[in-house]
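Bear in mind these aren't lab numbers, they're just calculated from the coordinates by the rules spelled out. From a predicted model like this one, the values you see are computed outputs, not experimental measurements. Cβ atoms come from the backbone with ideal geometry, glycine included; neighbour counts cover every protein chain shown.
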Amino acid sequence: MEYLPNIIFAVALILGIGFFARNVKKLSRNIKLGKDVDVSDNKGQRWKNMAKIALGQTKMVVRPIAGLMHVIVYVGFIIINIEVLEIMLDGLLGTHRLFSPLGSVYDFLIGSFEILALLVIVAVVVFWIRRNIIRIQRFVKPEMKGWPKTDGNMILYIEFVLMLLFLTMNAADFQLQQLGADHYAQAGAFPVSQFIVPLLDGLSESSLILVERTAWWLHILGILAFLNYLYYSKHLHILLAFPNTYYGKVKPQGQFNNLASVTKEVKLMMDPDADPFATPAEDDVAEPEKFGASDVMDLNWVQLLNAYTCTECGRCTSECPANQTGKKLSPRKIMMDTRDRLEEVGKNMDTNKGEFVPDGKQLLGDYISHEELWACTTCNACVQACPVSIDPLSIIVEMRRYLVMEQSAAPMELNNMMSNIENNGAPWPYNQMDRLNWVNE
Ligand code: SF4
Ligand code: SF4
């Protein structure tokens, strides 16, 4: 019986980490459904980007209020993990405040955690007000109804409750220390939770122990549950922002990837000496099975990683000129749709022994419409605005590529222009010989 709490704790820990590992496996399988892409270049620049953008949060603070609040929650999350480590070891070993022999360092750490916890609570309340009372425009766009809205609020509620439990646990502990209760040696500084102590006045020692233990258990079980919630939530970005910023685009923003086979064709077309009937050289670029993308498996794995990393913050959509002028396009929705479809494909594989059974659906048409795709001006504002280096434009371009090259389904104006380029070497409907006729008019 003496070891029962330790056993229960070990089981909870194994279950919590086990489920999380199972979801990470699924996540990695789904991302690997994407096509291979070479991202082994510019390693130095990639590490720099990750340090600056994910760790340093440099793109978050472009909008100072939201940025500052986010930095507080983020730093709170990272630093309070030291406390979580102590809680885990205490739970497994049956100790209490294992790190307390660190003396004044321990006091400093606990005191800092408490201040951070309070700041996190304040930030979370501000975030909630911005979403639900002020209703900032980017949080109330059509794609933010239903689960995305609930998810955004749920994360705030969980963080609020976890911080409150942490402070309650410390307040009860502090009170027990004052009473000289067994196992509650003087340790830690409690600059914030001391203000909760008056609420516990009059409680007997056993009631205080009950409060302290309940808060302790709920805090750690809540953290394990939150860890498993990540997979189903936009909050997954707290983990994926790091690889995503590492693998993000390092080429100049306006540079698109060219299809090697198309480049070859164009070069042939432009070269008057080229023999279109010549036997292809051995190292010639093979034509891809499919041009562009109509479903998630046609995208590359970095684009799928992008979809899982999207925080649904809407900074891209709020900067998008197409969205601002009332068009149907929202780059955030492009990312959310890609993730939703990828999840659907993943579930299909789960129920079919790891094989994808065609379900008559695809990203194009069932999730993203032609209208949305053609509304894009390819201005890159969404890519520039994204705080975690996501590139919605690359997905739009791949899907347009599919429409043009596989389905000849471009809008009429574009088709005319492309025929003109093909026939006249220019977007205008004139013969090249007539181009300078205007001079004589
Ligand atoms: S590139 Fe397209 S989706 Fe992105 S901001 Fe510009 S118009 Fe909007
Ligand atoms: S793509 Fe980037 S900017 Fe747009 S909602 Fe997702 S995280 Fe925010």
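Shape class of segment 1-78 from the alpha-carbon gyration tensor: oblate, with a/c at 1.5 or above and b/c at least as large as a/b. All other residues whose Cβ lies under 9 angstrom from that of Leu299 are scored, Lys and Arg at +1 and Asp and Glu at -1, for a net of -2. Among Glu406, Glu372, Glu143, the largest mean-square fluctuation in a Gaussian network model of the chain, built with springs joining Cα atoms closer than 10 Å, belongs to Glu406. When the chain is treated as a GNM with alpha-carbon contacts under 10 Å, the residue of Glu312, Glu289, Glu114 showing the greatest mean-square fluctuation is Glu289. The ranking of Arg315, Arg339, Arg135 by Cβ neighbour count inside 10 Å, starting from the fewest, reads Arg135, Arg339, Arg315.
Calculated FRET efficiency, Val11 to Ser261, Cβ-Cβ distance, R0 = 45 Å: about 0.20 to the nearest 0.05.
Rg then Dmax, both in Å and based on the Cα atoms of the chain: 28.0, 103. Shape verdict for segment 270-394, please, from the Cα gyration tensor: rounded (a/c under 1.5), prolate (a/b greater than b/c) or oblate. Cα axes put segment 270-394 in the oblate bin. When the chain is treated as a Gaussian network with alpha carbon springs shorter than 10 Å, the biggest mean-square fluctuation among Leu13, Leu240, Leu259 belongs to Leu259. Across segment 186-200, rounded Karplus estimates of 3J(HN,Hα) from the backbone phi angles (6.51 cos²θ - 1.76 cosθ + 1.60, θ = phi - 60°) give 4, 7, x, 10, 10, x, 9, 5, 4, 7, 8, 3, x, 5, 9 Hz, Gly and Pro being marked x. In this structure the amide hydrogen of Lys35, modeled in the peptide plane, comes within under 5 Å of the amide hydrogens of Leu299, Asn300, Trp301, none closer than 5 places in sequence on its chain.
For a test of the definition: using alpha carbon positions, the gyration tensor, and the 1.5 limit on a/c, classify segment 1-131 as rounded, prolate or oblate. Verdict is oblate for segment 1-131.
In straight-distance terms, cross-link reach from Lys25 covers every one of the aspartates and glutamates whose alpha-carbon lies under 20 Å from its own, apart from those fewer than eight places away in the same chain; here that gives Asp36, Asp340, Glu343, Glu344, Asp350, Glu355. Its Cα centre serving as origin, the chain has a Cβ charge dipole (Lys and Arg +1, Asp and Glu -1) of approximately 980 debye. Let's test the formula: R0 of 25 Å, r as the Cβ-Cβ distance of Thr95 and Val161. What FRET efficiency results, to the nearest 0.05? Here the calculated transfer efficiency is 0.45. Projecting the Cα atoms of Val120, Ser193, Leu342 onto the dipole axis of the chain, where Lys and Arg carry +1 and Asp and Glu carry -1 at the beta carbon, places Ser193 farthest toward the positive end.
Rounded to whole numbers, the Karplus 3J(HN,Hα) couplings from phi for segment 132-148 are 10, 9, 6, 6, 3, 3, 5, 8, 10, 6, x, 6, 9, 8, x, 4, x Hz, using 6.51 cos²θ - 1.76 cosθ + 1.60 with θ = phi - 60°, and x at Gly and Pro.
For segment 43-49, backbone phi angles converted through the Karplus equation (6.51, -1.76, 1.60; θ = phi - 60°) give residue-by-residue couplings of 4, x, 4, 5, 4, 4, 4 Hz, Gly and Pro being listed as x.
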